[in-house]
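K.L.:
Okay, here's the structure, questions in a sec.
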Amino acid sequence: MQRIATGELRLVELSRHYGDFVAVDGIDLDVPAGSFFALLGPSGCGKTTTLRMVAGLEEPSAGRIMLGADDITNTRAHQRRVNTVFQSYALFPHLSIIDNVGFGLRRLKVADWKSKAMEALAMVKLADRANQRPRQLSGGMQQRVALARAIVNRPEILLLDEPLGALDLKLRREMQIELKRIQSEVGITFIHVTHDQEEAMTMADTVAVMRDGHIEQLGAPAELYDRPATAFVANFLGKSNLIPIELIEPGVAVITAVTPGVKIPVAPQTIPATISEGLHLGIRPEKVHLASGGVQDDRPQLVGQVSDVSFTGVSTDYLVRLEWGQEFTLTQPNDGTSRARLGERVTLTWDPKQAFVVGAD
Amino acid sequence: MGSAISTALRWLRKHAIIIIGLLIIAYIMLPNIVVIIFSFNQPVGRRNGIWHEFSFNAWTHICAPAGMCDAVGLSLGIGVVAALVATVIGTMAAFALVRYRFRGRGTTNLLVFFPMATPEVVMGSSLLTLFIAVGVRSGIATILIAHILFTLSFVVTTVKARVASMDPALEQAAADLYATPSQAFWRVTFPLAAPGIAAGALLAFALSFDDYIVTSFNAGPSTITFPMYIWGAAQKGVPVQVNVIGTIMFLGAIAIVAIAQGIGSRKSKVEA
Amino acid sequence: MAFALPGARPRKSAKRRRGLFVPAILLLPALIWLVFFFVVPTIALASQSLQTGSIYQGFQFTWAFSNYTEALSTYWSQMVRSFIYAASATVFTLAIGFPLAWFIAHRSGRFKNIVLVLVVAPFFTNFLIRTLAWQTILVDGGFVANVMKATGITGFLNWIGLVPNDSLLGSPFAVICGLIYNFLPFMVLPLYTSVERIDQRYLDAAADLYSNGWNTFWKVIWPLSLPGVVAGTLLTFIPAVGDYINAKILGNANTTMVGKVIESEFLVNLNYPIAAALSFVLMIIIIVMVSAYVRAAGTEELV
């Protein structure tokens, strides 16, 4: 059955149950062809199960998997033009590197598999290791072999199951750049599963944040970061300060954590139309400033006491205890502004348009 | 002086396990060395227990004692067939037991374990009881049945351990790389399990070739295996040629493993 | 074809069927073998043990429990002796096997495979030949016998009753030594498998946490080796109880073990019911002991 490669993946109400446990709860997802897509979430959120269902290694309990116009739900792993870079790499220990990389091509009966495999090895800069065994290679090299072994088949979709999890930080950063370069070179759709938010944001054009088997929010990294739809997303992607509020009139909210409530201005465009109960105002640490001198009237203003100071070089991180006991985190760039001392009383302020409003978690 | 003693003691402590290990190896080797030395003996009378004179006689006339070489041939044949059958059906069972969850799996594991937990004399006598009850004449077939039975459990256990230690992601990777289930089995699963299967087969052969007790219950009057031959000869004095066979088997086993090792290390050297 | 099937149900039922079919086929030959040549013979043995009659007049099933009382009252001493010999041999095999397994796993370096082969290779020299070699080694007036006599070991063994009449051959000592020697590989191989997995850094960690050598052994090494210890002791003890070759070649009339009795009753006296009763008792005792032992050691998953 010859088909035109599209690389466009669509999941329709895809579910996976294990007895009573629902691993994936009817997700709908469109992954456009040629994109670098990340499935991000904490362990146990169903992201790996979703990936394995796309690979054909796990069977859906319900729903469909579409590759372009074809329903591939009922096909088996070896029949799908989808390849996986496994978390443990899963390199065949009894085969040489070149035979590992050529494994898929030989199954596909590609005549010049050897030269194609060598090309793929050259792409990951391991051509000189072709005749060695996997165990003779370092972790980072094995990772690159696993990538070459998958990519050499020119699958419609490449699945990456936390492929950088076993690497140390420096190597991981290098590989992130490498993966992005390769993806733009070959133009295959990449679906990358990870629990590392920084990794997902650095690499992917689109990120889907998963939680308890469903997709919590989907969008470009900047969009997710600046406009998280839920408290979960706000906390999973970086740090956030969340304050319980109630809207009392357009553009003004009152903080409900204290009585009498403190009034603060809220930008109307940040308020979601659908939620009205249990609202929280969220603000990222790097968007909070220490006010020196007066604060403009249309800016929020909170007073607290510095309870912790840590200097990181690039910036100074503060913990500020507010009057109702909540600790606010804020990051002050090392741009020459004067630093606050431990125990000092400070005033915090931010641009209301940089804040966001989410419902209770 | 005192420091010399304490240095010696410290050295002894540090190397104690090596010294003990080597002593135990020597203990294990001792009877084999005796067997080898006495294969060159020219004993006085029938008993090959006291050193008399060096001679190649037994080595140049291996098949001189009546019936001995036939017995060795029979044992080799039985060992090969029993190991082959036990390895095939044992490997199949091991895969089923490791790779599938099904009702009765625990019972099956227990059933596999029981023959290992049964003294040979009980196994031999119960098989004989059955053969008598159904009127089967003892012979090569009954010996084979018995040998396959007691080697089977060892094969299953050995292969099971190997298969259980294999990363299931490897087979998934094979399927992911377009291998059909049968290609995945023959190109990935089987080569990875092969060392365990080979070890199981070798163990099965060794156990079969070595067995006296079970065999003595199930052998017919004309099916004298090598151990039975030795047992029979032991009463009146074992011929020197028995030591020759023992030596050949011992050195043969070491040679096989050494060759396998050599191939393995040459391979990795070429790759390195 | 795309939207013809809602959901994935049809394939799922197919897989479930395949999920039972494949293991059934794989297991079938082994199960047939085990049932027909292990379970059925065991039942035949149980039945035989309750029959009366003789080989000439034929046997009838008569619930003859008297076979058991007769067998045990005649041969209880051989039965008890077998268990005592096998138990002492197992203890010593463990004592020798453990340091050897540790040596192979952690201290033999690049000679590991060679040493492993040396442990297994004697398997290929016949059991009987090796036991006969011990006859040569322990012979009266030989080197070993002289050294042991000179150092007073023989005297000590005589005093505790293991060497009754100054001759090493034909003594319980020789029989137990033979058992230790012959079953050592069965002890060492499972021990080696367990011990090899023990990360050497555990020992550093134990030492770092103020543990001396003794504590490190009992609190860290021993618990981690337990699966190997249980497997090894079972594979040594069980065959040793039923063995009679060592008792025959290295012992005398006073060291006869129950295996020899069963063999003679079966093959020489043709007294099948008594032989079957003895066999069955031996099997039951071992099953009870093994279950209790495995449970006590907490390694049930071993089986």
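The values are calculated or read from the model by the stated rules, or taken from the named source; none is laboratory data. Given the structure is predicted, the values throughout are model-derived calculations rather than measurements. Note: ideal-geometry Cβ built from the backbone for every residue, glycine included; neighbour counts use all protein chains shown.
K.L.:
Across the range A:144-165, what is the total count of residues that are at pLDDT below 90 and more than 13 Å from chain B (Cβ to nearest Cβ)?
P.N.:
Of the residues in the range A:144-165, 2 are at pLDDT below 90 and more than 13 Å from chain B (Cβ to nearest Cβ).
K.L.:
Of the numbered conditions (1) farther than 18 Å from A:Gly238 by Cα; (2) free of Cβ contacts under 8 Å to residues at least 40 places away in the same chain, A:Thr312 fails exactly one; give the number of that condition.
P.N.:
Single failed check for A:Thr312: (1).
K.L.:
Quick check: anything in the range B:122-130 farther than 18 Å from B:Ser208 by Cα, touching a Lys or Arg at 6+ places or on another chain (Cβ under 9 Å) and in the same structural domain as B:Pro227 (by TED's automatic domain parsing)?
P.N.:
Among the residues of the range B:122-130, not one is farther than 18 Å from B:Ser208 by Cα, touching a Lys or Arg at 6+ places or on another chain (Cβ under 9 Å) and in the same structural domain as B:Pro227 (by TED's automatic domain parsing), which makes the answer no.
K.L.:
Let me ask you something else. What number of residues within the range C:243-269 satisfy the criterion of being more than 10 Å from every other protein chain (Cβ to nearest Cβ) and either under 21 Å from the mean Cα position of the chain (by Cα) or not in a helix (DSSP H, G or I) (or both)?
P.N.:
Number of matching residues: 8.
K.L.:
Can I ask one more? From the list C:Leu31, C:Leu26, exactly one residue is farther than 30 Å from C:Leu278 by Cβ, at the interface with chain B (Cβ under 10 Å from one of its Cβ atoms), within 36 Å of the chain's Cα centre (by Cα) and at pLDDT 80 or above. Which is it?
P.N.:
Details: C:Leu31 fails: farther than 30 Å from C:Leu278 by Cβ.
None of the other options fit; the residue is C:Leu26.
K.L.:
Oh, and also: Going residue by residue through the range B:55-72, is there one that turns out to be within 9 Å of chain C (Cβ to nearest Cβ) and among the hydrophobic types (A, V, I, L, M, F, W, C)?
P.N.:
No: the range B:55-72 contains no residue that is within 9 Å of chain C (Cβ to nearest Cβ) and among the hydrophobic types (A, V, I, L, M, F, W, C).
K.L.:
So which of A:Gly238, A:Gly278, A:Gly313, A:Gly282 ends up being in a loop (DSSP other than H, G, I, E, B), under 27 Å from the mean Cα position of the chain (by Cα) and modelled with pLDDT of 90 or more?
P.N.:
Values: A:Gly238 fails: modelled with pLDDT of 90 or more; A:Gly278 fails: modelled with pLDDT of 90 or more; A:Gly282 fails: in a loop (DSSP other than H, G, I, E, B).
Answer to the selection: A:Gly313.
K.L.:
Only one of (1) within 11 Å of another protein chain (Cβ to nearest Cβ); (2) surrounded by fewer than 18 Cβ atoms within 10 Å (Cβ to Cβ); (3) over 27 Å from C:Gly232 (Cα atoms); (4) within 26 Å of the chain's Cα centre (by Cα) fails for C:Leu72. Which number is that?
P.N.:
(1)
K.L.:
Pick from A:Arg106, A:Arg52: which is part of a helix (DSSP H, G or I), more than 26 Å from A:Phe37 (Cβ to Cβ) and within 14 Å of chain B (Cβ to nearest Cβ)?
P.N.:
Values: A:Arg52 fails: more than 26 Å from A:Phe37 (Cβ to Cβ).
It is A:Arg106.
K.L.:
Right, next: Give, as residue ranges, the helices (runs of 4 or more DSSP H) completely inside the range C:167-224 that count at least 2 residues that are away from chain B (no Cβ under 14 Å) and farther than 30 Å from C:Val139 by Cα. Please lay out each step first, then the result.
P.N.:
Values: elements: C:172-196, C:200-208, C:213-216.
Once the helices (runs of 4 or more DSSP H) in the range C:167-224 are filtered for at least 2 residues that are away from chain B (no Cβ under 14 Å) and farther than 30 Å from C:Val139 by Cα, what remains is C:200-208.
K.L.:
Tell me which residues, restricted to the range A:77-95, are more than 7 Å from chain B (Cβ to nearest Cβ) and of a type in the set (Ser, Thr, Tyr).
P.N.:
Correct list: A:Tyr89 only.
K.L.:
Output the number of residues of the range B:23-41 satisfying the condition of being in a helix (DSSP H, G or I) and either surrounded by fewer than 16 Cβ atoms within 10 Å (Cβ to Cβ) or hydroxyl-bearing (Ser, Thr, Tyr) (or both).
P.N.:
Start the filter on the range B:23-41 by keeping residues that are in a helix (DSSP H, G or I), which leaves B:23-38.
In the following step, the residues that additionally are either surrounded by fewer than 16 Cβ atoms within 10 Å (Cβ to Cβ) or hydroxyl-bearing (Ser, Thr, Tyr) (or both) were identified as B:23, B:26-27, B:33, B:37.
Matching residues across the range B:23-41 total 5.
K.L.:
Using the structure shown, decide if B:Thr215 is touching an Asp or Glu at 6+ places or on another chain (Cβ under 8 Å), more than 10 Å from every other protein chain (Cβ to nearest Cβ) and either part of a helix (DSSP H, G or I) or modelled with pLDDT under 90 (or both). Spell out the reasoning first.
P.N.:
On the way: touching an Asp or Glu at 6+ places or on another chain (Cβ under 8 Å): no; more than 10 Å from every other protein chain (Cβ to nearest Cβ): yes; either part of a helix (DSSP H, G or I) or modelled with pLDDT under 90 (or both): yes.
No, not satisfied.
K.L.:
Same structure again: Taking the range B:233-251, which residues are outside any loop (DSSP other than H, G, I, E, B) and within 17 Å of B:Cys63 (Cβ to Cβ)? Steps first, please.
P.N.:
First, pick out the residues of the range B:233-251 that are outside any loop (DSSP other than H, G, I, E, B): B:233-234, B:240-251.
Correct list: B:Ala233, B:Val240, B:Gln241, B:Val242, B:Asn243, B:Val244, B:Ile245, B:Gly246, B:Thr247, B:Ile248, B:Met249.
K.L.:
Turning to a different aspect of this structure: Out of the residues in the range C:148-166 that are of a type in the set (Val, Ile, Thr) and not in a loop (DSSP other than H, G, I, E, B), which is surrounded by the fewest Cβ atoms within 10 Å (Cβ to Cβ)?
P.N.:
So in the range C:148-166, the residues of a type in the set (Val, Ile, Thr) come out as C:151, C:153-154, C:160, C:163.
Add one more test, that the residue is not in a loop (DSSP other than H, G, I, E, B), and what stays is C:153-154.
Working: C:Ile153: 15, C:Thr154: 21.
Looking at the filtered set, the residue picked out is C:Ile153.
K.L.:
Please go through the range B:97-111 and pick out each residue that is facing chain C (nearest Cβ under 7 Å), of a type in the set (A, V, I, L, M) and in contact with a helix residue (DSSP H, G or I) (Cβ under 8 Å, 6 or more places away or on another chain).
P.N.:
Step one: list which residues in the range B:97-111 are facing chain C (nearest Cβ under 7 Å), which gives B:100, B:102, B:108-111.
Filter again for of a type in the set (A, V, I, L, M), leaving B:110-111.
B:Leu111 - this is the single residue of the range B:97-111 that is facing chain C (nearest Cβ under 7 Å), of a type in the set (A, V, I, L, M) and in contact with a helix residue (DSSP H, G or I) (Cβ under 8 Å, 6 or more places away or on another chain).
K.L.:
Out of B:Leu203, B:Leu192, which single residue is assigned to a helix (DSSP H, G or I) and within 12 Å of chain C (Cβ to nearest Cβ)? Spell out how you get there, then give the answer.
P.N.:
Values: B:Leu192 fails: within 12 Å of chain C (Cβ to nearest Cβ).
Result of the check over B:Leu203, B:Leu192: B:Leu203.
K.L.:
Scan the range A:153-187 for residues that are touching a residue at least 60 places away in the same chain (Cβ under 8 Å) and in contact with a Lys or Arg (Cβ under 7 Å, 6 or more places away or on another chain) and jot them down.
P.N.:
Within the range A:153-187, A:Pro155, A:Glu156 qualify.
K.L.:
Which of the residues that make up the range B:143-153 are out of contact with any Asp or Glu (no Cβ under 8 Å at 6 or more places or on another chain), more than 8 Å from every other protein chain (Cβ to nearest Cβ) and within 23 Å of C:Phe280 (Cα to Cα)?
P.N.:
Just the residues of the range B:143-153 that are out of contact with any Asp or Glu (no Cβ under 8 Å at 6 or more places or on another chain), to begin with: B:143-146, B:148-149, B:151-153.
Keeping just the survivors that are more than 8 Å from every other protein chain (Cβ to nearest Cβ) gives B:143-144, B:151, B:153.
Residues satisfying the conditions are B:Ile143, B:Thr151, B:Ser153.
Rundown of residues vs (1) in contact with a strand residue (DSSP E or B) (Cβ under 7 Å, 6 or more places away or on another chain); (2) crowded, with 19+ Cβ neighbours inside 10 Å; (3) modelled with pLDDT under 90; (4) not in a strand (DSSP E or B), yes/no style:
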| position | (1), (2), (3), (4) |
| --- | --- |
| A:Glu185 | no, no, yes, yes |
| A:Val193 | yes, yes, no, no |
| A:Ala200 | yes, yes, no, yes |
| A:Met210 | yes, yes, no, no |
| A:Glu216 | yes, yes, no, no |
| A:Ala222 | no, no, no, yes |
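K.L.:
Looking only at the range A:289-339, how many residues end up being more than 25 Å from A:Pro265 (Cα to Cα), surrounded by 11 or more Cβ atoms within 10 Å (Cβ to Cβ) and of a type in the set (A, V, I, L, M, F, W, C)?
P.N.:
Residues in the range A:289-339 being more than 25 Å from A:Pro265 (Cα to Cα), surrounded by 11 or more Cβ atoms within 10 Å (Cβ to Cβ) and of a type in the set (A, V, I, L, M, F, W, C): 2 in total.
K.L.:
Then there is this: Looking at this structure, is B:Ile140 at pLDDT 95 or above, closer than 22 Å to B:Ala71 by Cβ and more than 14 Å from chain A (Cβ to nearest Cβ)?
P.N.:
Taking the combined requirement at face value, the residue does not satisfy it.
K.L.:
While we're on this one: Count, please, the residues in the range B:86-137 that happen to be among the aromatic types (Phe, Trp, Tyr) and modelled with pLDDT under 90.
P.N.:
Pass one, the range B:86-137, residues among the aromatic types (Phe, Trp, Tyr): B:95, B:100, B:102, B:113-114, B:131.
This time we only want the ones that are modelled with pLDDT under 90, so: B:100, B:102, B:113-114.
Qualifying residue count for the region: 4.
K.L.:
Follow-up question, since we're still on this one. Of these, B:Ala86, B:Ala8, which one is of a type in the set (A, V, I, L, M) and surrounded by 13 or more Cβ atoms within 10 Å (Cβ to Cβ)? Show your work before the answer.
P.N.:
Numbers: B:Ala8 fails: surrounded by 13 or more Cβ atoms within 10 Å (Cβ to Cβ).
Just a single option satisfies the conditions, and that option is B:Ala86.
K.L.:
Oh, and also: Given the criteria in contact with a strand residue (DSSP E or B) (Cβ under 7 Å, 6 or more places away or on another chain), surrounded by fewer than 18 Cβ atoms within 10 Å (Cβ to Cβ), among the hydroxyl-bearing types (Ser, Thr, Tyr) and closer than 19 Å to A:Lys239 by Cα, does A:Thr270 qualify? Reasoning before the result, please.
P.N.:
Numbers: in contact with a strand residue (DSSP E or B) (Cβ under 7 Å, 6 or more places away or on another chain): yes; surrounded by fewer than 18 Cβ atoms within 10 Å (Cβ to Cβ): yes; among the hydroxyl-bearing types (Ser, Thr, Tyr): yes; closer than 19 Å to A:Lys239 by Cα: yes.
Against the criterion (in contact with a strand residue (DSSP E or B) (Cβ under 7 Å, 6 or more places away or on another chain), surrounded by fewer than 18 Cβ atoms within 10 Å (Cβ to Cβ), among the hydroxyl-bearing types (Ser, Thr, Tyr) and closer than 19 Å to A:Lys239 by Cα), A:Thr270 qualifies.
K.L.:
With the requirement that a residue be within 14 Å of chain B (Cβ to nearest Cβ) and within 23 Å of the chain's Cα centre (by Cα), what does the range A:58-76 give you?
P.N.:
From the range A:58-76, those within 14 Å of chain B (Cβ to nearest Cβ) are A:58-59, A:72, A:75-76; that's our starting set.
Result: A:Glu58, single match.
Yes or no, residue by residue, for (1) closer than 19 Å to C:Ala297 by Cα; (2) in contact (Cβ under 8 Å) with a residue 12 or more places away in the chain; (3) not acidic (Asp, Glu):
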residue: C:Phe156; (1), (2), (3): no, no, yes
residue: C:Phe173; (1), (2), (3): no, yes, yes
residue: C:Pro185; (1), (2), (3): no, yes, yes
residue: C:Ile221; (1), (2), (3): yes, yes, yes
